[in-house]
């Protein structure tokens with residue numbers, strides 16, 4: 001595109017650096033589609049990288065970026081981060097949602113990366129500096145059986161993790177966080193491989209009882225309900241687990257039922273972590289202002305990026321709520337760097353989910369942060385400290401997410417679809 005801006009600058013800039021191009025890349029080094037945004041500038045060699053990953057609908061994100069966003073920002077000064085985000089958000093008229101917010105997040109992170117590189121400083125210094133040296137993390141232990149899950153958790157503990165999420169299998173293909181059980185658990189039912197919530201509740205209680213006995217008291221145990229419970233079942237599970245004192249229960253209710261979270265939290269003896277499925281800043285903020293959670297656990301890309309998450313962190317601090325940003329394998333190493341920057345600059349930080357990337361991902365994303373004894377430390381390099389090797393990325397082309405296939409099989413024995 002031409003360097004001349006399609007839209008006039010609202011005020012004079014202090015120098016001649018301008019955005020010249022916005023590019024979107026999709027790569028899948030670990031089999032999970034990741035969307036990377038590269039914002040280029042008129043200063044040779046100066047560019048910023050952001051994560052705009054919406055794994056299940058990445059084609060829509062790429063089209064939004066390339067067909068709509070680039071024309072809005074080319075010719076603008078890259079330091080006007082807030083104004084550019086508002087321009088992109090308001091220009092579509094209908095705003096929010098996972099596609100639009102993923103786009104905003106990719107642009108936001110890339111502009112912060114540029115800001116850090118121009119200042120020759122890591123982004124955390126631009127946000128006021130650190131309030132802690134590193135972020136404590138949790139990772140995931142899983143197994144087809146309870147004994148396998150506990151064995152995995154023990155291995156992670158021995159590697160230095162102080163917080164471990166535990167998930168175990170049960171009959172049915174719809175199980176989350178542990179290997180599925182293809183064998184029919186309910187012969188004669190319309191869907192013999194269906195998933196049953198009552199079985200899930202029983203197994204989860206058994207899992208925690210045995211895990212606490214085997215692993216002892218000096219490890220924090222977490223669990224993800226994956227938004228599948230009713231308010232009554234959520235309270236029942238929390239009360240049943242009280243003696244095992246979980247660090248938190250994650251996503252007990254689907255977003256359609258978040259209005260019930262305050263009453264569930266009031267009845268729960270276990271802290272609640274919710275927010276992964278928030279796709280608007282306002283919904284995420286209401287989780288805090290309505291005292292619906294103990295840990296705010298948003299996917300930063302889906303609420304609009306670091307700028308939005310930073311405001312939520314301040315709000316959480318005021319309300320005595322802690323952050324636990326969502327960081328699964330469908331968040332790129334760029335997103336992890338952004339999350340850790342939020343962690344070390346906010347007094348509201350609680351815990352950081354972590355995904356350990358393999359050699360393929362580290363090849364595509366030089367500078368990828370590495371967990372050390374359960375800790376993540378921010379890079380001291382300018383910007384995020386993460387680069388992107390386009391040639392390596394092309395060796396890992398993305399295919400449509402397999403999540404759709406899995407979600408289609410998450411059914412009850414009667415055949416009814418369940419929230420995945």
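Those residues that are part of a loop (DSSP other than H, G, I, E, B) and either surrounded by 22 or more Cβ atoms within 10 Å (Cβ to Cβ) or in contact (Cβ under 8 Å) with a residue 40 or more places away in the chain (or both), I need them from the stretch 280-298; list them, please. Within the stretch 280-298, 280, 292, 293, 294, 297, 298 meet the criteria.
In the set (1) modelled with pLDDT of 95 or more; (2) farther than 22 Å from residue 333 by Cα, residue 6 fails one condition alone, (1). Of the residues 273, 284, the single one that is under 25 Å from residue 418 (Cα atoms) and out of contact with any helix residue (DSSP H, G or I) (no Cβ under 9 Å at 6 or more places or on another chain) is 273.
On inspection, residue 159 qualifies as more than 23 Å from the chain's Cα centre (by Cα) and within 30 Å of residue 49 (Cβ to Cβ). Among the conditions (1) closer than 26 Å to residue 298 by Cβ; (2) surrounded by fewer than 23 Cβ atoms within 10 Å (Cβ to Cβ), residue 151 misses just one, which is (1). Scanning the stretch 94-113 for residues that are touching a strand residue (DSSP E or B) at 6+ places or on another chain (Cβ under 6 Å) and more than 21 Å from residue 9 (Cβ to Cβ) gives 106, 109, 113. Does the stretch 387-396 contain any residue that is within 26 Å of residue 126 (Cα to Cα) and touching a strand residue (DSSP E or B) at 6+ places or on another chain (Cβ under 6 Å)? Yes, because at least one residue in the stretch 387-396 is within 26 Å of residue 126 (Cα to Cα) and touching a strand residue (DSSP E or B) at 6+ places or on another chain (Cβ under 6 Å).
At negative phi, in contact (Cβ under 8 Å) with a residue 24 or more places away in the chain and out of contact with any helix residue (DSSP H, G or I) (no Cβ under 6 Å at 6 or more places or on another chain): does that describe residue 144? Answer is yes for this residue.
Pick out the one residue from 228, 159, 165 that is crowded, with 19+ Cβ neighbours inside 10 Å and out of contact with any helix residue (DSSP H, G or I) (no Cβ under 7 Å at 6 or more places or on another chain). Selected residue: 165, the only one of 228, 159, 165 that is crowded, with 19+ Cβ neighbours inside 10 Å and out of contact with any helix residue (DSSP H, G or I) (no Cβ under 7 Å at 6 or more places or on another chain). Considering the stretch 181-199, the residues that are touching a residue at least 12 places away in the same chain (Cβ under 8 Å) and in contact with a helix residue (DSSP H, G or I) (Cβ under 9 Å, 6 or more places away or on another chain) include one that is surrounded by the most Cβ atoms within 10 Å (Cβ to Cβ), namely 185.
The values are calculated or read from the model by the stated rules, or taken from the named source; none is laboratory data. Here the structure is a predicted model, which is why all the values come from computation and not from measurement. For neighbour counting, all protein chains shown are included, and Cβ atoms are generated from backbone atoms with ideal geometry for every residue, glycine included.
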